Every structure is written in C-alpha cells, then in structure tokens.
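Visitor: Have a look at this one before I ask anything.
The values are calculated or read from the model by the stated rules, or taken from the named source; none is laboratory data. Please read these numbers as outputs of a predicted model, since none were measured by experiment. Quick reminder, even Gly has a Cβ in these numbers, built from the backbone with ideal geometry, and neighbours come from all protein chains shown. Each accessible area value is taken on the protein alone, full model and side chains, heavy atoms only, with ligands, DNA and RNA left out. Shrake-Rupley method; radii C 1.70, N 1.55, O 1.52, S 1.80 Å.
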Amino acid sequence: EDPEWRPGQDVRQLDQPQSVILAVSSDIVPDQGKSRGKAAIFLAALSIATTLLTTFAYGITAFALNPNFFNSIINNNDISILWASLPVVLGIFGLSAFHEVVHIVVAKRRNMKIGLPVPLPSLQIGTFGNITPLRSFPESRTALFDFAISGPLLTSIASMLMIICGTLLTIHTPSDALSNLAVVPAALVKMSFLVGSITSVFAPKVMMLSNAQPIPVHPLFLSGFAGLVGSALNMLPVGRLDGGRACHAVFGRRSAYTISLMTLTLMAIGALTGFSTISIFWGLIITLFQRNLDVPLKDELSEVNDFRLGIYFFSIVVTVLTLVPFPGGVMGLG
C-alpha cells in the first residue's frame, strides 16, 4: 500500500514508507507520449469515420418526426432535404472543437504537451467527445486541474447558452416556419434535470406535455443538448476522463482511484437496472480505453487552492443535474 502524504502530516509518525523525490532524465516521456503504432493509427481513423457517421445520424434523427422531412425522403425520394440536419451537426462539431481549443490554450500556458484528440462516436448524442492524451508529465496538481476542468466546464456553459438561445428562437419562430424545424418527443427535454429546468423558465408549457408529444425545436437547442450531455459524461470522476484528471488533482492519486471504481460501479448499476441506456455504451468505452489513472505528476503533493476546489464542486453539481432526469422524465442520462 502506498499512502499519500498531505500537508500538515508528520511523515515521521507514519508506519508506511515515506514520500520521496525521484530524479529522472528530462528525456523520459509517458508511455502514451510515444509514437503510435499502425494499429493505433487505424483505430483512430476508424473512430473519426464512425464519429462523423453517428453525428450525422443524430442530426438526421432529430428531423425524423418532421412530416415534411419524412415525406420528402420516403414519398418523394428527395434526399436533398438531409441538408436540413447540417446545422445540428455543425453545432456539435463546433462545441467539440471549442472544447479542444480550450485544452490546447491551457496546455500551452501550463507548459504541458498533449497529443492529437481522437473523437469517440455515440449513438445517442453523436459524439462522446475526444480522447486527448498527455505527452508530458504535468508540473503539479494545479496544472493538471486547470487543463482538465477548463474544457468541459467552458463547453458546458457554452452549451447552456445554446440551449437558451435555441429555446428562445423556437418560441419566436413564425407558425408557418415551425414545419422546417427539428421535431423531437417532449421526453428528450425531460431526460435532463438541468435542461428541463432551463426549459421550464423560458417555455414552461412544454414541460406540461406528455413525454410522447412531438415538439419542434431549433437546431441550436439540439446541438447544445448534445454538448451539455457530452461535457457532463466527460466530467465523471473516472480514470483519464477530464473528470478523472480533475478528481486526481483535487483529491490525489490514491483517492481518485477509489472514487473512479465507485463511479464505474454506479454506472454499471444504472446500466443493468435500465435507469440509463447511455451508461452502457459510455461505460464500455471508459472500461476499454480510459479506466486507468493518468500519468504521474512532477509534484503530487501540493494541493489545489480553495478557489479551484469550489470550481470542481460546482462542475460536479452541473454534471449531476445534467445526468439525472427532470421529474416526469423516463430515465436519466448518466
């Protein structure tokens, strides 16, 4: 057992081995910082192609309940109407790109080297986000925290703004133009407590509809919905996810490992009980690729400050509110 020292503890009173400082060559890089083999390159290319397919499928599915869209494809064989789903797709890719740009900016400020992001496909929301490997050892827990939390937190805020704007644009769309919007069941809005709460403020009548009632929504809303859910899933405190890295920075490596196992167990329970279908796919991806903790830090001892601790708990609250259902919803997303 490898105990973790915390400031204020007297290491002389510990029965376990003391913390040490290990000097290594600057040429040493993390295993995931080494060049990729052909198999890894092939898997990355396959993941990119699959993500493109699933994201376009998400956009097209959003219009499946639109009578004009359905008739154009089924009765008139007019596939040109598929372009109507493009704003949804571009919105999702835009949020994903924004997420990664934020990571790149923070990584440069924190003198961290990162690899190229690899997108992950999702049948439910188009894409789960990206795997962004670390190519160097972060200087401290503060550096790792800033890198990990920045992407999902700012993307969550941007996604909420898109949901609000999409709701307002839907409300103010002329009645004769509503037939051109995406159509989804009201249950979609109630799948997330946070999304349902936002909708309750700007369009309260929607929340009184039955779950099966089709409602028109602006593409901006659907892009924001996918971005918010994807950010929340990445903020789960598991392994090498952004949330796992942030958890490591806040609580230390040993505690983060325990929290990661607990989170995976809860996800497995949610999947097996039918509470969450998305947990099945996301949990499988995490287990295969992201379940292990990230690379060691140069300074594993110095803790993050109270301000960053507050930001972390705020992000956890946003994550939970995103993944649990609104009252009357059929299931949660987490």
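Visitor: Taking the options Ala148, Ala158, name whichever one is in contact (Cβ under 8 Å) with a residue 60 or more places away in the chain, surrounded by fewer than 23 Cβ atoms within 10 Å (Cβ to Cβ) and either farther than 21 Å from Val318 by Cα or of a type outside the set (Lys, Arg) (or both).
Guide: Every option except Ala158 fails the conditions.
Visitor: May I pose another question? Within 28 Å of Ala40 (Cβ to Cβ) and either among the polar types (S, T, N, Q) or assigned to a loop (DSSP other than H, G, I, E, B) (or both): which single residue out of Ser279, Ser315 fits that description?
Guide: Ser279
Visitor: Still on this structure: In the list Ala64, Ala45, which residue meets the criterion of being loosely packed, with under 15 Cβ neighbours inside 10 Å, more than 22 Å from Leu220 (Cβ to Cβ) and more than 20 Å from the chain's Cα centre (by Cα)?
Guide: Testing whether each residue is loosely packed, with under 15 Cβ neighbours inside 10 Å, more than 22 Å from Leu220 (Cβ to Cβ) and more than 20 Å from the chain's Cα centre (by Cα) leaves just Ala45.
Visitor: So Gly274 ticks every box in (1) over 22 Å from Ala64 (Cα atoms); (2) open to solvent by 20 Å² or more (accessible area, probe 1.4 Å); (3) in a helix (DSSP H, G or I) but one. Which box is left unticked?
Guide: Condition (3) is where Gly274 drops out.
Visitor: With the checklist (1) surrounded by 13 or more Cβ atoms within 10 Å (Cβ to Cβ); (2) among the aliphatic types (A, V, I, L, M); (3) in contact with a helix residue (DSSP H, G or I) (Cβ under 7 Å, 6 or more places away or on another chain) in hand, flag the one item Ile79 doesn't pass.
Guide: Unmet for Ile79, out of (1) surrounded by 13 or more Cβ atoms within 10 Å (Cβ to Cβ); (2) among the aliphatic types (A, V, I, L, M); (3) in contact with a helix residue (DSSP H, G or I) (Cβ under 7 Å, 6 or more places away or on another chain): (1).
Visitor: Please give the number of the condition Met191 fails out of (1) without any contact (Cβ under 8 Å) to a residue 60 or more places away in the chain; (2) open to solvent by 10 Å² or more (accessible area, probe 1.4 Å); (3) of a type outside the set (Asp, Glu).
Guide: Here Met191 clears every test but (1).
Visitor: Every residue in segment 117-145 that is in a strand (DSSP E or B), touching a residue at least 60 places away in the same chain (Cβ under 8 Å) and either under 30 Å from Pro87 (Cα atoms) or open to solvent by 10 Å² or more (accessible area, probe 1.4 Å) (or both), please.
Guide: Those that are in a strand (DSSP E or B), touching a residue at least 60 places away in the same chain (Cβ under 8 Å) and either under 30 Å from Pro87 (Cα atoms) or open to solvent by 10 Å² or more (accessible area, probe 1.4 Å) (or both): Val118, Pro119, Leu120, Pro121, Ser122, Gly126, Thr127, Phe128, Gly129, Ile131.
Visitor: Any residue at all in segment 30-37 that is modelled with pLDDT of 60 or more and open to solvent by 50 Å² or more (accessible area, probe 1.4 Å)?
Guide: Within segment 30-37, one or more residues are modelled with pLDDT of 60 or more and open to solvent by 50 Å² or more (accessible area, probe 1.4 Å).
Visitor: If you check every pair at least six apart or on different chains, which have Cβ atoms under 7 Å apart with a residue in segment 216-244 that is on the phi > 0 side of the Ramachandran plot first and a residue that is assigned to a helix (DSSP H, G or I) second?
Guide: Going by the 7 Å Cβ cut-off, the qualifying pairs are Gly239/Ser260; Gly239/Ile286; Gly239/Gln290.
Visitor: Okay, next question. Would you check which residues across segment 195-206 are in a helix (DSSP H, G or I), open to solvent by less than 30 Å² (accessible area, probe 1.4 Å) and among the hydrophobic types (A, V, I, L, M, F, W, C) and list them?
Guide: Val195, Ile198
Visitor: Within segment 221-271, take every residue that is open to solvent by less than 10 Å² (accessible area, probe 1.4 Å) and outside any helix (DSSP H, G or I) and give me the one that is nearest to Leu309 (Cα to Cα).
Guide: The extreme case among them is Gly252.
Visitor: List every residue pair whose Cβ atoms lie under 7 Å apart, where the two residues are 6 or more positions apart in sequence or sit on different chains, the first residue falls within segment 307-326 and is under 19 Å from Ala249 (Cα atoms) and open to solvent by 40 Å² or more (accessible area, probe 1.4 Å), and the second residue, located anywhere, is part of a helix (DSSP H, G or I) and among the β-branched types (Val, Ile, Thr).
Guide: These pairs meet every condition: Arg308/Thr142; Leu309/Val250; Ile311/Ile149.
Visitor: Just to be sure before I move on: is Asn111 more than 24 Å from Thr319 (Cα to Cα), part of a loop (DSSP other than H, G, I, E, B) and open to solvent by 20 Å² or more (accessible area, probe 1.4 Å) in the structure I sent?
Guide: When the stated conditions are applied, Asn111 passes them.
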